[in-house]
1. With (1) of a type in the set (A, V, I, L, M, F, W, C); (2) modelled with pLDDT of 95 or more; (3) over 20 Å from residue 284 (Cα atoms); (4) in contact with a helix residue (DSSP H, G or I) (Cβ under 6 Å, 6 or more places away or on another chain) as the list, and residue 184 as the residue in question, which single condition is left unmet?
2. Determine which single condition residue 241 fails, assuming it passes every other condition in (1) open to solvent by 60 Å² or more (accessible area, probe 1.4 Å); (2) modelled with pLDDT of 65 or more; (3) touching a strand residue (DSSP E or B) at 6+ places or on another chain (Cβ under 7 Å).
3. Yes or no: residue 117 within 26 Å of residue 258 (Cα to Cα), open to solvent by 80 Å² or more (accessible area, probe 1.4 Å) and in contact with a helix residue (DSSP H, G or I) (Cβ under 9 Å, 6 or more places away or on another chain)?
4. In the range 143-160, is there at least one residue being under 19 Å from residue 232 (Cα atoms), among the acidic types (Asp, Glu) and open to solvent by 30 Å² or more (accessible area, probe 1.4 Å)?
5. Would you confirm, using the coordinates I've provided, whether residue 210 is open to solvent by 10 Å² or more (accessible area, probe 1.4 Å) and at positive phi?
6. Just wondering, is there one or more residues in the range 112-125 that are assigned to a helix (DSSP H, G or I), closer than 16 Å to residue 205 by Cα, within 39 Å of the chain's Cα centre (by Cα) and not polar (S, T, N, Q)?
7. Yes or no: residue 196 modelled with pLDDT under 95 and surrounded by fewer than 17 Cβ atoms within 10 Å (Cβ to Cβ)?
Amino acid sequence: MTSRRESLKLASSILLTVCTLSIGLCTAPHAFAADQAVIADAGDGLIPGSYRTSTRPPATFFSINDILAKLDRQRGRGPNAIRMAALSPSSTATDAQPEQKQAPPVGNEPFGLFTFRAPEGILWRKWRGIEGDIVKEQVILDNCRAKADSCPSYAAQFLRLINAVKAQSGRDQLNEANRAVNMAIRYVSDFVQHGEADRWSAPLATFATGKGDCEDYAIAKYVALGEAGFPRDDLQLVLVRDRAVRQDHAVLAAHLDGHWIILDSRRSELMDDSDVTSFTPLFAIDHRGVQLFAAPYAKRPLLDDEVEATPAAASGNDSEEWTGQDGSNSSSAQISTLPLLM
């Protein structure tokens, strides 16, 4: 009897356990679904994904100014150190005028340059010698005007050229002088004609032989235009380095209507100085004497460790040099090491 009761009691316990497990398995899916619904309802008022980061620390925002100030404080620049960093976006509209850069001034001499007196040297001696020869030849020309029958043929030729130039005006006058002198003289280097590296001749001496080099052409045009009434203040013999052919060269520059015009023995047409890009101007010569060309520069304040720049040639060193070799023998000609302000 007792064992029957124990068997019933054990069976009841097993049945109770099975029923409990069954009830738990049946109710679990509904509980899980309820939990999902609760989460979904709670997420309706939140930023998407925010529930995923609810356990992370809040974001920290900073500016570049804060970082720079912090670095300054760490480097001992004081607790109140402040540095501002800002960039103006290129798309920002503004009515402010852009900063104007100071342009270098433009000189009144040929090629827009300035000139200053060259130190005494070879060119001064050459030019003074030519001026003396021109004065002597002036006497011959005056005699030719007074007594044409006793005038030397070469002087009469040059006098006719002067009269032809005088009959023109303005640019035509310059064109006549350039064309007539170029046709009257045949190019011959000083080595061939005189056995010298560089000799300058006055016009009548050149016309007497009918030969000369670039300086002789330029000098003849200078005198012819002056005799024809062209202002001498507006005439300059210009000694240049022609970079296109790597040769020293001489031309005449004439100032007309606010422009400098170049008369070249190698060209029949006139050229504005702004159109000649292969010349490096070295010296300008006229009734004032020998002048050095200097490139213009914008005036600016000197720094503490700077001194006022002065032309090296102004020291008075007799170092100027002009080879004058513009012909076939000029391949070895070199410009002097005179430090020009070019």
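1. Condition not satisfied by residue 184: (4).
2. Result: residue 241 passes all but (1).
3. Values: within 26 Å of residue 258 (Cα to Cα): yes; open to solvent by 80 Å² or more (accessible area, probe 1.4 Å): yes; in contact with a helix residue (DSSP H, G or I) (Cβ under 9 Å, 6 or more places away or on another chain): yes.
For residue 117, the condition - within 26 Å of residue 258 (Cα to Cα), open to solvent by 80 Å² or more (accessible area, probe 1.4 Å) and in contact with a helix residue (DSSP H, G or I) (Cβ under 9 Å, 6 or more places away or on another chain) - is met.
4. Within the range 143-160, the subset under 19 Å from residue 232 (Cα atoms) is 158-159.
Still in the list and also among the acidic types (Asp, Glu): none.
No; the residues of the range 143-160 include none that is under 19 Å from residue 232 (Cα atoms), among the acidic types (Asp, Glu) and open to solvent by 30 Å² or more (accessible area, probe 1.4 Å).
5. Details: open to solvent by 10 Å² or more (accessible area, probe 1.4 Å): yes; at positive phi: yes.
Yes: the conditions hold for residue 210.
6. Residues of the range 112-125 that are assigned to a helix (DSSP H, G or I), as a first pass: 112, 122-125.
Subsequent filtering for residues that are closer than 16 Å to residue 205 by Cα retains none.
No, the range 112-125 has no match at all.
7. Numbers: modelled with pLDDT under 95: yes; surrounded by fewer than 17 Cβ atoms within 10 Å (Cβ to Cβ): yes.
Considered against the rule, which asks whether it is modelled with pLDDT under 95 and surrounded by fewer than 17 Cβ atoms within 10 Å (Cβ to Cβ), residue 196 comes out as yes.
The values are calculated or read from the model by the stated rules, or taken from the named source; none is laboratory data. Since this is a predicted model, take the numbers as computed values, not measurements. Don't worry about glycine lacking a Cβ; one is built from the backbone with ideal geometry, like all the others, and counts go over all protein chains shown. Surface areas here come from the heavy atoms of the whole protein model, side chains and all, with no ligands, DNA or RNA. Shrake-Rupley method; radii C 1.70, N 1.55, O 1.52, S 1.80 Å.
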